[in-house]
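The values are calculated or read from the model by the stated rules, or taken from the named source; none is laboratory data. Keep in mind that this is a model prediction, so the values were computed, not measured. We place every Cβ from the backbone using ideal geometry, glycine too, and count neighbours over all the protein chains shown. These area figures cover heavy atoms from the full protein model, side chains too; ligands, DNA and RNA do not enter into them. Shrake-Rupley method; radii C 1.70, N 1.55, O 1.52, S 1.80 Å.
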Amino acid sequence: MTRVVRFHQIGGPEVLRIEELAIAPPARGEVQIRIKALGLNRAEALMRSGTYIETPALPSGLGLEAAGLVAAIGEGVVDFAPGDAVSIVPPISMARWPAYAELAAFPAELVVKHPPALGFETAAAVWMQYLTAYGALIDIAKLGRGEFAVITAASSSVGLAAIQIANRIGAIPIAVTRNSAKAQALRDAGAAHVIASAEEDLQSRLEQIAGPDGVRVVLDPVGGPVFVPLTAAMAHGGILIEYGGLSPEPTPFPLFTVLSKSLILRGYRVHEIVQDPARLAAAKAFVLDGLADGALKPIIARTFPFEEIVEAHRFLESNAQFGKIVVTV
C-alpha cells in the first residue's frame, strides 16, 4: 500500500486526506517514481477549490511537480532505469497523473534526469516555474538582451524564475509587487527595478524606468484593473502575456490603447510547451544549462513534511511565500 493525497469534495485545504491505496505498475511508456519531494503550485489549490481549468472526477489526486528515484519502468521505456534520480515536467492532467503520493507514474517524455547535485527538494521546485517563464519570455515573446521585461506577482515562484531568466539573457527585469515589504528581497533576487503597485503609480514608474519607448514585454498572472496602467506604459507592438487570473476584479479591455499601439494581449499556459516535443526539448535544454551554470537557482520559501500537506496548502493560499513551497515525502 502507498500513501497518496486525495480529496473527496471541493473545498479548502482541509478537504485533503492522506490515504493508503494499492498502486498499479507503470503502464507502457510510463516511469514509476519513488517520490522524495513535491513542489506546490497555485494551480493545485485552484483545482482543489473547483476553480481550475481542469474539473476532477471525485475522489481525485493532485499535484504537478515531484522529484525522486525511478522505481520501475513500463514497457517501451529505454532512457531510464531503476535508481535514476529524476524530476517531472508538469503533466497535462494532474487528475490523470497526480504527483502527491509516495509512488506515482508519469509519461516517460515528462521525466527528466536532473543534475544529482541539485537535491530532491530543489529538483521538485524546477519545472513548473522555469518552463512557464521560459515559454512566455523566450519562446513566445523572444525577449532579447537589453530589453525591459515587466514581471508582475514577482515574488511568486514563476515571477522569480522570470527574473532569473531575464538576467541570464541580459534583459532588464522590472519586478512588480503589491507593497514594498518584499522589495529588497526582489532586488537581492536579481530585479533591476521594483515597483510597489499599491504604493506607487504603476504607469508613471514604468514610464520613468523605460523612457518614452515603453516596455515591449509584460508577463502577468493577475489580470484585473492592472491591465490599464500596464498597457498604457507598453511600447508600440508590445506583447502582454497573461498566464493566470489572480485578481477577483473584472479585467478591462483597454481598447483604444491596444488599437493605437498595435498591442498583443495573449493568453498562455505552460501546456503549450509541454505538448510540443520540439519546444519542450529546447526549454529543457535552456533550463538544464541554466541550472548547470548557476544562473537559475530555485528559491524555496518553506518546506513541509508530507504529513502536513493541509498546512502546506494553507500557507500556499496565504500569499506569504517568497518562492516555492516544497513538501518532503
- Working only within the range 170-202, note down all residues that are in contact with a Leu (Cβ under 8 Å, 6 or more places away or on another chain), of a type in the set (A, V, I, L, M, F, W, C) and in a strand (DSSP E or B). Ile174, Ala175, Val176, Val194, Ile195
- Item | Residue check, Lys113 open to solvent by 40 Å² or more (accessible area, probe 1.4 Å) and on the phi > 0 side of the Ramachandran plot | no
- Message: Quick test for you: out of Glu147, Glu121, Glu65, Glu109, pick the one residue that is of a type outside the set (A, V, I, L, M), under 22 Å from Ile18 (Cα atoms) and touching a helix residue (DSSP H, G or I) at 6+ places or on another chain (Cβ under 9 Å).
- Response: Glu65
- Task: Give the residue that is nearest to Ile138 (Cα to Cα), with candidates limited to residues of the range 162-173 that are in contact (Cβ under 8 Å) with a residue 40 or more places away in the chain and touching a Pro at 6+ places or on another chain (Cβ under 8 Å).
- Result: Ala162
- Scan the range 233-252 for residues that are assigned to a loop (DSSP other than H, G, I, E, B), more than 25 Å from the chain's Cα centre (by Cα) and either surrounded by fewer than 13 Cβ atoms within 10 Å (Cβ to Cβ) or basic (Lys, Arg) (or both) and report the count. 0
- Task: Name, by its number, the condition in (1) hydrophobic (A, V, I, L, M, F, W, C); (2) in contact with a Leu (Cβ under 9 Å, 6 or more places away or on another chain); (3) surrounded by fewer than 14 Cβ atoms within 10 Å (Cβ to Cβ); (4) within 24 Å of Val86 (Cβ to Cβ) that does not hold for Leu291.
- Result: (3)
- Note on the structure: Picked from the range 154-177 (must be in contact with a helix residue (DSSP H, G or I) (Cβ under 9 Å, 6 or more places away or on another chain) and open to solvent by 30 Å² or more (accessible area, probe 1.4 Å)), the residue farthest from Ser87 (Cα to Cα) is Ile172
- Message: Any residue that is among the charged types (D, E, K, R), more than 22 Å from the chain's Cα centre (by Cα) and open to solvent by 70 Å² or more (accessible area, probe 1.4 Å) - is there at least one of those in the range 20-31?
- Response: yes
- Task: Inspect all residues belonging to the range 11-23 and state whether any of them is over 22 Å from Leu246 (Cβ atoms), part of a strand (DSSP E or B) and of a type in the set (Gly, Ala, Ser).
- Result: no
- Out of the residues in the range 133-153 that are open to solvent by 10 Å² or more (accessible area, probe 1.4 Å) and in a helix (DSSP H, G or I), state the one that is nearest to Ser318 (Cα to Cα). Tyr134
- Message: Consider the range 181-197. How many of its residues are open to solvent by 20 Å² or more (accessible area, probe 1.4 Å) and under 20 Å from Ala210 (Cα atoms)?
- Response: 5
- Message: Here is a list: Ala283, Ala320. Which entry is in a helix (DSSP H, G or I), under 17 Å from the mean Cα position of the chain (by Cα) and either surrounded by fewer than 19 Cβ atoms within 10 Å (Cβ to Cβ) or in contact (Cβ under 8 Å) with a residue 60 or more places away in the chain (or both)?
- Response: Ala283
- For the range 208-219, state whether one or more residues are assigned to a strand (DSSP E or B), among the charged types (D, E, K, R) and surrounded by 14 or more Cβ atoms within 10 Å (Cβ to Cβ). yes
- Query: For Leu230, are the conditions met, namely being of a type outside the set (Val, Ile, Thr), under 22 Å from Arg269 (Cβ atoms), touching a residue at least 60 places away in the same chain (Cβ under 8 Å) and part of a loop (DSSP other than H, G, I, E, B)?
  - Reply: no
- Message: Looking at the range 116-131 only, could you name the residues that are open to solvent by 10 Å² or more (accessible area, probe 1.4 Å) and either within 18 Å of Val270 (Cα to Cα) or touching a residue at least 60 places away in the same chain (Cβ under 8 Å) (or both)?
- Response: Leu118, Phe120, Glu121, Thr122, Met128
